[in-house]
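The structure under discussion appears below in the form of structure tokens.
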Amino acid sequence: MKTIKLNNGVEVPVLGFGTFQITDPEEAEDAVRDAIQAGYRHIDTAQSYENEGAVGRGIATSGVDRKELFVTTKIWVENTSYKGVMSSFQRSLDRLGLEYVDLLLLHQPYNDTFGAWRALEELQKQGKVRAIGISNFSVEQAVNLAEFNDVTPQINQIEINPFQQQTNNIQALRDEGISLEAWAPFAEGKNDIFTNPVLTKIGDKYGKSVAQVILRWLIEQDIVVLAKSVKPERMRQNLAVFDFELTDDDKVQIATLNDGESQFFSHADPKMIKWMAGRRLEV
């Protein structure tokens with residue numbers, strides 16, 4: 001599978017398996033195992049998903065050597081401080097049953113991000129984390145973190161989909177040496193994305209689904225992308241995106257779908273910040 005090289009030389013499989021909202025332990029374990037056996041080598045979880053234990057069991061029973069896998073987890077808001085990272089990350093490792101993770105992210109740009117980032121830098125030096133990054137940070141927040149610390153974030157995981165294409169932000173982050181990773185590439189089905197006439201027409205041309213067209217569109221931009229499904233057949237379908245290429249005209253048509261707005265919420269909304277601050281998970 002194609003990989004994306006981060007600014008520290010670590011290579012990330014461009015297509016990952018996301019586990020957000022797969023909260024039932026048995027279902028999460030089975031989904032991760034099925035995804036790995038289908039061919040995924042990049043697994044993404046988070047403290048706030050409350051499924052790290054199940055993800056770890058899926059990895060352990062997959063039959064694939066740990067060294068062949070790229071595993072990501074994320075530090076939740078309540079643990080976003082130096083001490084919070086240092087204590088909670090060990091709990092994450094214990095739940096996952098791993099000695100290290102390949103990528104550790106600050107999940108949200110709130111709380112003591114500077115203290116937390118210094119902890120991530122230390123964990124990377126200790127070899128417990130191969131790459132460190134951020135999630136849902138604006139360009140300004142990412143640059144601020146980079147300029148006043150030793151290590152520039154290796155990646156920023158943000159919402160990117162046909163309705164929220166983030167073109168200017170993607171380029172601005174790349175100018176800083178920060179790679180991109182897309183969550184919610186299918187906008188969680190919002191705005192009837194799976195029956196969108198533009199995407200459907202492009203898919204019909206190649207004998208591909210709308211989901212496959214979206215994944216290909218992101219991969220061709222060298223954006224790491226997370227796809228999620230608990231159905232093995234859909235997992236395999238989402239992996240079958242390396243046998244066709246979009247034309248320039250296809251990309252022009254997809255560009256017309258951009259409305260430049262999040263399909264979910266604004267990370268600058270004070271109400272959302274307060275909600276996250278109050279979401280105590282004890283993870």
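Give the range 246-275 a look and list any residue that's at pLDDT below 95, touching a helix residue (DSSP H, G or I) at 6+ places or on another chain (Cβ under 8 Å) and among the aliphatic types (A, V, I, L, M), or say none. Residues satisfying the conditions do not exist here. Taking the range 1-52 and the strands (runs of 3 or more DSSP E) fully enclosed by it, the elements with 3 or more residues that are touching a strand residue (DSSP E or B) at 6+ places or on another chain (Cβ under 9 Å) and either at pLDDT below 95 or under 28 Å from T80 (Cβ atoms) (or both) are at 11-13, 15-18, 42-44. For the range 260-268, the criterion of a residue being closer than 22 Å to I75 by Cβ, in contact with a Pro (Cβ under 7 Å, 6 or more places away or on another chain) and not in a helix (DSSP H, G or I) is satisfied by at least one position. Screening T61, T73 for residues that are free of Cβ contacts under 8 Å to residues at least 40 places away in the same chain and under 26 Å from E176 (Cβ atoms) leaves exactly one candidate, T73.
Each residue in the range 218-245 was checked for being assigned to a helix (DSSP H, G or I) and either in contact (Cβ under 8 Å) with a residue 24 or more places away in the chain or crowded, with 16+ Cβ neighbours inside 10 Å (or both), and 8 of them qualify.
For the range 146-156, does any single residue satisfy the condition of being in contact with a helix residue (DSSP H, G or I) (Cβ under 6 Å, 6 or more places away or on another chain) and aromatic (F, W, Y)? No, there is no match, as no residue in the range 146-156 is in contact with a helix residue (DSSP H, G or I) (Cβ under 6 Å, 6 or more places away or on another chain) and aromatic (F, W, Y). For the range 198-214, the criterion of being in a helix (DSSP H, G or I), out of contact with any Lys or Arg (no Cβ under 7 Å at 6 or more places or on another chain), at pLDDT 95 or above and over 28 Å from F244 (Cα atoms) is met by no residue.
The values are calculated or read from the model by the stated rules, or taken from the named source; none is laboratory data. Keep in mind it's a predicted model, so treat the numbers as computed, not measured. A quick note on method: Cβ atoms are made from the backbone with ideal geometry, for glycine too, and the neighbour counts reach across all protein chains shown.
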